[in-house]
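Data first, discussion second: the structure below is written as structure tokens.
The values are calculated or read from the model by the stated rules, or taken from the named source; none is laboratory data. Values in this document were obtained by computation on a predicted structure and should not be read as measured data. Methodologically, a virtual Cβ is constructed for each residue, glycine included, from the backbone with ideal geometry; neighbour enumeration extends over all protein chains shown. Protein only, heavy atoms only, side chains kept; ligands, DNA and RNA dropped before computing areas. Shrake-Rupley method; radii C 1.70, N 1.55, O 1.52, S 1.80 Å.
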Amino acid sequence: MAFFLLVLSYFLILGSTRRLHQQTSWVSSSHMALLNLERFYSHILSAEAGARGYLLTRNVIFLKPYRESLSRLPGLNRGLLDYFEMDSVQGALMHNIHGMTTRRLDHLRQAILLYQRSGYKVTKELIAEKLESMLLMDSIHKSIEQLTSIEYAHMLDRRHRLSGYFSGTRTITLVSLITAVIAILYSVITYNRENHAKSEADQKAQQYEADLKRNINELQEMNHELSELRSNEKFASTGRIARTIAHEVRNPLTNISLAAEQLQEDIGKSQESSLLLDMIVRNSERINQLVSDLLYATRFVQLNMQRTNVNELLDEALAMAGDRIDLRSIQVVKNYSPMACSVLVDADKIKLAFLNIIVNAIEAMEKNRGILRLKTEKIDKRCIVEIADNGTGMDTDTLQKLFEPYFTVKPQGNGLGLTNSQNIILSHKGNIKVISRLGEGSVFQIFLHLDDG
């Protein structure tokens, strides 16, 4: 009986071992597929960032990550297609992702060729391609998220089965120990072997999970860098348009002004004609001033850099807005970092940028009910300044146009204050972010690099 029980236990344990091996292999395959999906999307983002960096700066160094990603994507794509072919839904999703990725890479190649053929200028075709590429990248991101979600569910199910098989193996081993003394040694060896296999599987699972988290963090950092790159690209494009408009407007405007002055000399003392000519001259000067303001607000400014404390700059900007704060009875709440943020900036220009944002916050709040909150903190190698209000807030459409020249929701505003503030911050290689909802106020976040010296 002990012999037959031993034989029965042997076959049961052998079957469990095979199932354990199969389930472990499936769990490992799921982890590897998820990791390759993250790498696949990471290389797509890297290619996108490299191509856009080249289009923005004309620096061929940005083509290096673009070309590296192009060389690695086909291998990852083939492996993922082979793996997901086992499931019809996942296979269809992966084929869809493959098609969209191929189209996106073709768009990037065409964009680079168009940019080079146009003499390194941003054409209408490139702008149209940008809008289409954003929609295509969103579709790729959503499809990869959906595929990842399905595969993650499969992985959890396989891990659950794996755990069940481990439990069954332990039960068989215990029964063999009780009913067959002869099988004790064999049962102990089997148990130890299977327990070791479980430990290795758990270690692999933990390692894959750690790799997955690390890749997610890297993707988040790349998304942040891509967001800053898009912001700089948009500002540079606005500046180019502004310079083109200024050139095209000022030439005929100069002719109009000269002609009006000549007519004033020729007409003489005719009161009615003189009045009309004065009107032409004044409005010509006004148009010229508007063009100058637009150029100043969209041009990278010259900086007089000096080391200073950002808390002191905020206090000085508050003092400049003191009359407005007192007039509207605004409560000011400060939450400055105890570790002073030392930054290398042009103090006057950064102070002006802070002042523009503070004034906008004051005007967005109700009289006698406004609370203006100022906060500074140090995170890694950056100083973060927050200027928050409890005003009316902004909708999504307003947020998207907030930094555009001449866009304003104020009856008497010229729409260049925040454009100028963004210009100053970008000139310092910083960044500005706005969080707002209707009825909940707004938060302006300014990111500046710390002075390591």
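Classify the stretch 311-425: rounded, prolate or oblate, from the alpha-carbon gyration tensor (a ≥ b ≥ c, eigenvalue square roots; a/c under 1.5 rounded; otherwise prolate if a/b is larger than b/c)?
oblate
On the accessible surface of the stretch 303-453, probed at 1.4 Å, how many percent belong to carbon and sulfur atoms?
That share works out to 47 percent.
Sequence-distant or interchain residues sharing an amide H contact under 5 Å with CYS383, placed H: which?
LEU448, HIS449, LEU450
Net charge around LEU374, counting only other residues with Cβ within less than 14 Å of its Cβ (Lys, Arg = +1; Asp, Glu = -1)?
Neighbourhood net charge equals -2.
For the stretch 2-100, what does the alpha-carbon gyration tensor say about shape, rounded, prolate or oblate, given a ≥ b ≥ c as the root eigenvalues, a/c under 1.5 as rounded, and a/b over b/c as prolate?
Because a/c hits 1.5 or more and a/b exceeds b/c, the stretch 2-100 counts as prolate.
So who's got an amide H within less than 5 Å of the one on TYR336, skipping anything under 5 residues away but keeping other chains? H placed 1.01 Å off N, in plane.
For TYR336, the qualifying residues are THR376.
Solvent-accessible area per residue for the stretch 1-141 at a 1.4 Å probe radius, Å²?
54
When the Karplus curve 6.51 cos²θ - 1.76 cosθ + 1.60 is applied with θ = phi - 60°, which whole-Hz ³J(HN,Hα) does each residue of the stretch 51-56 get, with x for Gly and Pro?
Using θ = phi - 60°, the values come out as 5, 5, x, 5, 5, 7 Hz.
For the stretch 1-123, what is the charge dipole size about the Cα centre, in debye to the nearest 20, if Lys and Arg each add +1 at the Cβ and Asp and Glu each add -1 at the Cβ?
Its charge dipole is roughly 620 debye.
Whole-Å semi-axes of the stretch 86-154's equivalent ellipsoid, largest first, each the root of 5 times a Cα gyration tensor eigenvalue?
32, 11, 7
Which whole-number percentage describes the relative contact order of the stretch 46-107, with Cα contacts under 8 Å and a sequence gap of 6 or more?
Once normalised by length, the contact order is 22 percent.
Taking 21 Å as the cut-off for C-alpha to C-alpha distance, list the pairs among LYS349/LYS433; LYS351/LYS429; LYS121/LYS433; LYS64/LYS142; LYS64/LYS433; LYS349/LYS375 that go past it.
Too far apart for the 21 Å limit: LYS121/LYS433; LYS64/LYS142; LYS64/LYS433.
Convert each backbone phi in the stretch 143-160 into a coupling constant with the Karplus relation 6.51 cos²θ - 1.76 cosθ + 1.60 (shift: θ = phi - 60°), then list the ³J(HN,Hα) values in order as whole Hz, x for Gly and Pro.
Going residue by residue, I get 5, 5, 4, 5, 5, 5, 4, 5, 5, 5, 5, 4, 5, 5, 5, 5, 5, 4 Hz, with x marking Gly and Pro.
Gap in Å between the Cα centre of the stretch 300-378 and the Cα centre of the stretch 1-41?
Measuring centre to centre over Cα atoms gives 62 Å.
Whenever you get a sec, compute what percent of the accessible area on the stretch 1-89 sits on carbon and sulfur atoms (1.4 Å probe).
62
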